[in-house]
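Undergrad: Starting off with a structure, shown below.
The values are calculated or read from the model by the stated rules, or taken from the named source; none is laboratory data. On a predicted model such as this, the values are computed, not experimentally measured, just so you know. Note that we place each Cβ from the backbone using ideal geometry, even for glycine, and neighbour counts take in every protein chain shown.
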Amino acid sequence: MATGRSALLVLALTASAPAAPAAPTWADWVGDYAGTLTWKGCFTPGAARARISLDASDGAMTIELAGAGGGLRAMSLVEEEGGWSAQQGDVKLRVTRPRANVLSLVAELGSDCRMHAQLVRPATKIAACDRLVSLARIEARCTKLTEPPLESPALLAKQRATWKAKADAGRCALRADKLETALIEAGCAPVADPQEFVPGPQCQALTAAIGKLQRCPAASGPTRALAAQLAQVPLVGGTAAEREIVEAACERSRRQAASVALTDRCP
C-alpha cells in the first residue's frame, strides 16, 4: 500500500488564510470510553452508565456497545463528515467527537426509542503520549504487520503514570510518528491528509514576510514575482522529521524574502 508520506506536495501560503485545525485521526478516536447514557421512549431501556470500546482492526473501525444494554452490540463504523455512522437492522448510530477524549453517541432503536451518551476516554494530558497509546492499541489489532510490534500496550499502561510533559512529549511524538507510518504502510491506518498540515513558527514567519512584500508599494515586479515563488512551500506528510524539513525550507525562504525586502526598501 502506498503511504503517501514520501510524495512531495506544494501548498501556496497566503497571508490572509488562517491555519485550519487538524482533523481527528484514528488515534484520536480509538479507546475505552465511559459515561452516562440517557434513554427516551424505550420500552426496555439499557444501562444508565456504561463502558464502550472503539477500535480499529486491520483498517476497519468498530464500536462495541454491548455494555450499554438495550440490545445493542458491536457495530461496524463508516466514516463520514465530522464523525462515524453505523446501521444494523433498525438500529442507527451516529458517533461524534465534540472535543478531545470525549465521545458523543446518538442511537435510534426503532421508531420511538432513542439513546444519547456522553462518554470520556482516560487521558494523560500529554497529547503526544495519548496518541502513542492509541496507536499501540491499533497496532495490537493489526494482523497485517510483518515485523515485530514496535510498542506494547501493557508496557505503555505501566509507563503512563510516570510521563512528564517536558521530558516525554517529544519522545512520545517520535515513537508515535514511527508507529503510525508502519501502520499506514501495513494498511491498518489511513493516510493522513497533507492538506491538514499546520504551519510551524518558521512557516508562519515566512507567511508574514511574504505578506509585507506583497503589500509594499516600493516592491519591484521581479520582487513580487519572487514573493509568489517563495510562497510555494514544499510540504510532506506531517511526521516530526518531515515537519523539520518543511520548517527549514520556510526559514530559508524567509531569509531570502527579508533580503529582497531590504533591497527594495520594504519595511
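Undergrad: Under 25 Å from T143 (Cβ atoms) and small (G, A, S): is that true of A74 in this structure? Steps first, answer last, please.
TA: Details: under 25 Å from T143 (Cβ atoms): yes; small (G, A, S): yes.
So A74 passes the test.
Undergrad: Additional query: Got at least one residue in the range 25-40 being over 23 Å from the mean Cα position of the chain (by Cα), in a loop (DSSP other than H, G, I, E, B), in the same structural domain as S104 (by TED's automatic domain parsing) and surrounded by fewer than 20 Cβ atoms within 10 Å (Cβ to Cβ)? Walk me through how you get there before you give the answer.
TA: Of the range 25-40, the ones over 23 Å from the mean Cα position of the chain (by Cα) are 35-40.
Narrowing further to those that are in a loop (DSSP other than H, G, I, E, B): none.
The answer is no, given that none of the residues of the range 25-40 is over 23 Å from the mean Cα position of the chain (by Cα), in a loop (DSSP other than H, G, I, E, B), in the same structural domain as S104 (by TED's automatic domain parsing) and surrounded by fewer than 20 Cβ atoms within 10 Å (Cβ to Cβ).
Undergrad: State whether one or more residues within the range 84-98 are in contact with an Asp or Glu (Cβ under 8 Å, 6 or more places away or on another chain), surrounded by fewer than 19 Cβ atoms within 10 Å (Cβ to Cβ), in a strand (DSSP E or B) and not acidic (D, E).
TA: There is at least one residue in the range 84-98 that is in contact with an Asp or Glu (Cβ under 8 Å, 6 or more places away or on another chain), surrounded by fewer than 19 Cβ atoms within 10 Å (Cβ to Cβ), in a strand (DSSP E or B) and not acidic (D, E).
Undergrad: Can you name the number of the only condition in (1) of a type in the set (K, R); (2) modelled with pLDDT under 95; (3) closer than 27 Å to L132 by Cα that R51 fails?
TA: So R51 meets the others, but not (2).
Undergrad: What's the number of the condition A128 fails, among (1) more than 16 Å from the chain's Cα centre (by Cα); (2) among the aliphatic types (A, V, I, L, M); (3) surrounded by 16 or more Cβ atoms within 10 Å (Cβ to Cβ)?
TA: Here A128 clears every test but (1).
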